[in-house]
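Working notes, structure below.
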Amino acid sequence: MATEGATEAKGGNMIRRLIIAGVIIVLTVWFILVNTEEVSVKLWLVKVETPMWIMITIVFIAGWAVGALLRRRSAKKRG
C-alpha cells in the first residue's frame with residue numbers, strides 16, 4: 001500500500017502547485033490593472049511608448065519562455 005501514500009503526496013503537490021500558480025496569476029492581473037499609464041522604454045536605438053500593462057505582459061511572457069527553455073534543457077541533461 002506504499003503506492004497509495006505516494007499517489008496522495010503527488011496529488012497534494014499538484015494541488016499546491018495549482019494554488020501557487022493561481023495566486024501568481026491573480027497578483028499579476030491585479031498588478032497589470034493597477035499600472036495602466038503609458039511608459040517609455042528605450043530598446044537600444046528605438047524608443048517605444050506603450051501602456052505599462054503591455055510591457056509587463058511582454059516581460060512576463062519572456063520570463064516564462066526562458067524558464068520553459070531552461071527546464072527543457074535541464075530535463076535533457078538528466079535523461
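The values are calculated or read from the model by the stated rules, or taken from the named source; none is laboratory data. Note that this is a predicted model, so its numbers are computed, not measured. So basically every Cβ, Gly included, is an ideal-geometry build from the backbone, and we count neighbours across all protein chains shown.
Could you please find all residues in the range 28-40 being farther than 19 Å from residue 64 by Cβ and among the hydrophobic types (A, V, I, L, M, F, W, C)?
Once the filter is applied, which keeps residues that are farther than 19 Å from residue 64 by Cβ and among the hydrophobic types (A, V, I, L, M, F, W, C), the range 28-40 yields 33, 34, 39.
Mind listing whichever residues of the range 35-58 are out of contact with any helix residue (DSSP H, G or I) (no Cβ under 7 Å at 6 or more places or on another chain) and exposed (fewer than 10 other Cβ atoms within 10 Å of the Cβ)?
40, 42, 43, 44, 45, 46, 47, 49
Residue 67 passes all but one of (1) in a helix (DSSP H, G or I); (2) at pLDDT below 90; (3) not aliphatic (A, V, I, L, M); which number fails?
(2)
Looking at the range 70-79, can you tell me whether even one residue there is modelled with pLDDT of 90 or more, surrounded by 10 or more Cβ atoms within 10 Å (Cβ to Cβ), under 15 Å from the mean Cα position of the chain (by Cα) and not in a loop (DSSP other than H, G, I, E, B)?
There is at least one residue in the range 70-79 that is modelled with pLDDT of 90 or more, surrounded by 10 or more Cβ atoms within 10 Å (Cβ to Cβ), under 15 Å from the mean Cα position of the chain (by Cα) and not in a loop (DSSP other than H, G, I, E, B).
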